[in-house]
């Protein structure tokens, strides 16, 4: 069985101990996804699995055979940035850049969750059909992605600028 | 991580056929894979059960049946759950991060280990949960996050789930299949207090597989919510939490269900408080008395005495919130 990675079929690992993160970085050479804590606390390894944001460090690659993974390399390239990557540049959404691929993959998944009405801890009314992309909602929904440089304000600005129209 | 064999089960029957010594069922992996990497969990075989039932189905009796492999996010966002069991949606979105909620299954959330930082500290400390009989270095150590109710001289860890606190308050039932057939376990009986065997978190027998969670119907006049108090605004375990279902009629408590998180080795059903409240006036004074009674048997450790007053205030605040704007 293989895994569809950024649109290309990749043979899954033989050893079931290989995490999805190590599979992407070491087997596929896709080093955009980062190993921060390797224990599910920082969000630097966030990728999209069938469109849902997940932590690739806590995922066994074998569990994702037959599924579709999108990494930062599948969202944009140096010559053709994803709109959110461009917004990160414009809003100083990073300093060292280590958490950035995870932040961007996470935000793309987050925007889809908000669009389909997934509630968050700060959503006031659970029975509403549409939830606005407010600063508070974005801050709460992105709390699984830490930025040691403290660029969170720029990150939230970039996300709001890129996705605000999604819910309006 | 030691080597293991991996199977993906297409059906519950297939999963059960593979069950045996050293075998663990694998959901989202957010706790189990982490503990395997730390060499704390050392299964010889993993049976991936994420391909089993993910349905969330309304029942003819007004309840709901949630497939064991349903992801936490899928439950929290489900329209009928949000409308009929708002405390469950609230509890789920108060837990972990969105990425982890997208991975974690309902059964996996229930079966995550009751734990503390000493449990993880394999090379530095003793832990009866890791190695029975080795001792507990948490006792007399840093105890800010530890239990105030139901702890033992062998273990003072707390169950970290938010979702489970809501399920405890809802009187959920857990559907289980095992080598000896099927059974249905009341949610209050799934998890254990530590006693002399803190290595056992649950009352499940070897090979038993959770297949579904059943939510009984809630009175249409009842209100419910979940409140979590933690050291930072998001992505932190509860210091304390309260799940409550309150049904008030003519100013009196017709029914109340209260469960507490962050205070014990399992989600703590506040039965003493409930007994005092049933039939009593739905007033702040009554809430304060009930909360005080529930915590009258609490045993603070060195650093967690603050939890006693904190959880009492949180109980009162939650019940007061649920009585706001009642005629």
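Under the condition of being more than 9 Å from chain B (Cβ to nearest Cβ), surrounded by 16 or more Cβ atoms within 10 Å (Cβ to Cβ) and in a helix (DSSP H, G or I), the residues counted in segment A:113-135 number 1. Considered as a group, the residues in segment B:79-92 that are more than 9 Å from every other protein chain (Cβ to nearest Cβ) and out of contact with any helix residue (DSSP H, G or I) (no Cβ under 8 Å at 6 or more places or on another chain) include one that is nearest to residue B:224 (Cα to Cα), and that residue is B:84.
The single condition among (1) within 27 Å of residue A:10 (Cα to Cα); (2) touching a residue at least 60 places away in the same chain (Cβ under 8 Å) that residue A:154 does not meet is (1). Within the option set A:42, A:57, A:105, A:99, being more than 9 Å from every other protein chain (Cβ to nearest Cβ), in contact with a strand residue (DSSP E or B) (Cβ under 7 Å, 6 or more places away or on another chain) and buried (at least 21 other Cβ atoms within 10 Å of the Cβ) holds for one residue only, A:105. Looking across segment B:132-153, the residues that are buried (at least 21 other Cβ atoms within 10 Å of the Cβ) and touching a helix residue (DSSP H, G or I) at 6+ places or on another chain (Cβ under 6 Å) come down to B:138, B:148. Residues considered: B:98, B:74. Of these, the only one that is touching a helix residue (DSSP H, G or I) at 6+ places or on another chain (Cβ under 8 Å), under 25 Å from residue A:44 (Cα atoms) and not assigned by TED's automatic domain parsing to the domain that holds residue B:15 is B:98.
The values are calculated or read from the model by the stated rules, or taken from the named source; none is laboratory data. None of the values given here were measured: they were computed from a predicted structure. Here Cβ is always computed from backbone atoms with ideal geometry, including for glycine, and neighbour counts include all displayed protein chains.
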